[in-house]
Amino acid sequence: MGGAVSAGEDNDELIDNLKEAQYIRTDLVEQAFRAIDRADYYLEEFKENAYKDLAWKHGNIHLSAPCIYSEVMEALDLQPGLSFLNLGSGTGYLSSMVGLILGPFGVNHGVELHSDVTEYAKQKLDFFIRTSDSFDKFDFCEPSFVTGNCLEISPDCCQYDRVYCGAGVQKEHEEYMKNLLKVGGILVMPLEEKLTKITRIGPSAWETKKILAVSFAPLVQPCHSESGKSRLVQLPPPAVRSLQDLARIAIRSTIKKVICQEAVNKGGNGLKSTPRLKRRRVRCRRMETIVFLDKEVFASRISNPSDDTSCEDLEEEQQEAAERTPREVKPEPPVNSLRQRVLGLPLPDPLKYYLLYYREK
């Protein structure tokens, strides 16, 4: 088995390596990847493999390789307020990262074939909301997961700005997938052994771009009931925020702005995390990459524009070594400024907990 980038010791180092290899190219995608620890979506006994750039599968639970997810996130061109549909939503890892970018007024839906995986995703989402400080650093669009076959979505469902399919799509299903998109929307899916980006530029006009050579397990064909009818998947209706929710979003947003402004006035960094230890650079080389899973799933990067910069990297590493202090001090854990500020407000405890989404941490 091989990975597109070197294994990391933790989530941040994995993201560093993905950036160096040009799989992560934008700040929004980088922030989303750093905010959610990939290991949190692994079963406990497999967590030592979480920071390898490899796919993972255990029973029905599946995670694609980080290089695949980063290419997907970049190709989707996500923006706040958009609607997103994840076909084969799995553990919810990708949907949660997308939710950090969409913000509270986006739409975030997932369809998963296996009911046990849907429950797993809901548990992981609940754990993230209750315990992660990242939840307070972003305005989150919470994913909604339903169980069913993504080829049986009800024809009266709404269309989406962004759609991703995490299983191999054959040519005969291409039009079905395209019809899930709004005009101006983007669809990313493995189509005939290529990870493909399709943009709907008009009612009947499409723009197609091949991203990666891949081999995904194919979509599971629908199984009809005894009556011969298909089981239609009903997606959640677009949520209408209650006045309470809107008030909570507005109050939290105002507190964040105050904290950030105070930090700017003091020369600080607001809600951002404490700076990490400086890591050794990963050398970028032109390469072909393969990722295997159970002898059936792999991905190979078609091209890498980066040239081999071994000599330049060696000089930079020598310079870094010369500038490095004798002893690197590990930074203190980041402070959740929003939580501290809310808890310090002269408000009844139930209202404080409501503003914090009743979170545990």
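Does GLU175 fit the bill of being exposed (fewer than 14 other Cβ atoms within 10 Å of the Cβ) and in contact with a helix residue (DSSP H, G or I) (Cβ under 8 Å, 6 or more places away or on another chain)?
no
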Which residue is surrounded by the fewest Cβ atoms within 10 Å (Cβ to Cβ), if the candidates are limited to region 142-158 and must be out of contact with any Gly (no Cβ under 9 Å at 6 or more places or on another chain) and of a type in the set (Gly, Ala, Ser)? SER154
Has region 51-58 got any residue that is in contact with a His (Cβ under 8 Å, 6 or more places away or on another chain) and under 20 Å from ALA213 (Cα atoms)? yes
ARG130 versus (1) at pLDDT 95 or above; (2) touching an Asp or Glu at 6+ places or on another chain (Cβ under 6 Å): which is the lone unmet condition? (1)
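The rows are residues; the columns are (1) under 27 Å from GLN22 (Cα atoms); (2) at pLDDT below 95.
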position: PHE135; (1), (2): yes, yes
position: PHE138; (1), (2): yes, yes
position: PRO143; (1), (2): no, no
position: THR147; (1), (2): no, no
position: ASP156; (1), (2): no, yes
position: LEU181; (1), (2): no, no
position: LEU187; (1), (2): yes, no
position: LYS197; (1), (2): yes, no
position: ALA213; (1), (2): yes, yes
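Kindly evaluate GLY228 against the criterion of being over 30 Å from ASP10 (Cα atoms), loosely packed, with under 14 Cβ neighbours inside 10 Å and at pLDDT 90 or above.
On the way: over 30 Å from ASP10 (Cα atoms): yes; loosely packed, with under 14 Cβ neighbours inside 10 Å: yes; at pLDDT 90 or above: no.
Against the criterion (over 30 Å from ASP10 (Cα atoms), loosely packed, with under 14 Cβ neighbours inside 10 Å and at pLDDT 90 or above), GLY228 does not qualify.
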Subset of region 105-130 that is touching a helix residue (DSSP H, G or I) at 6+ places or on another chain (Cβ under 9 Å) and among the β-branched types (Val, Ile, Thr) - its residue that is nearest to LEU232 (Cα to Cα): VAL111
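The values are calculated or read from the model by the stated rules, or taken from the named source; none is laboratory data. Everything numeric in this text was worked out from a predicted model, so none of it was measured. All Cβ positions, glycine included, derive from the backbone under ideal geometry; neighbour counts span all protein chains shown.
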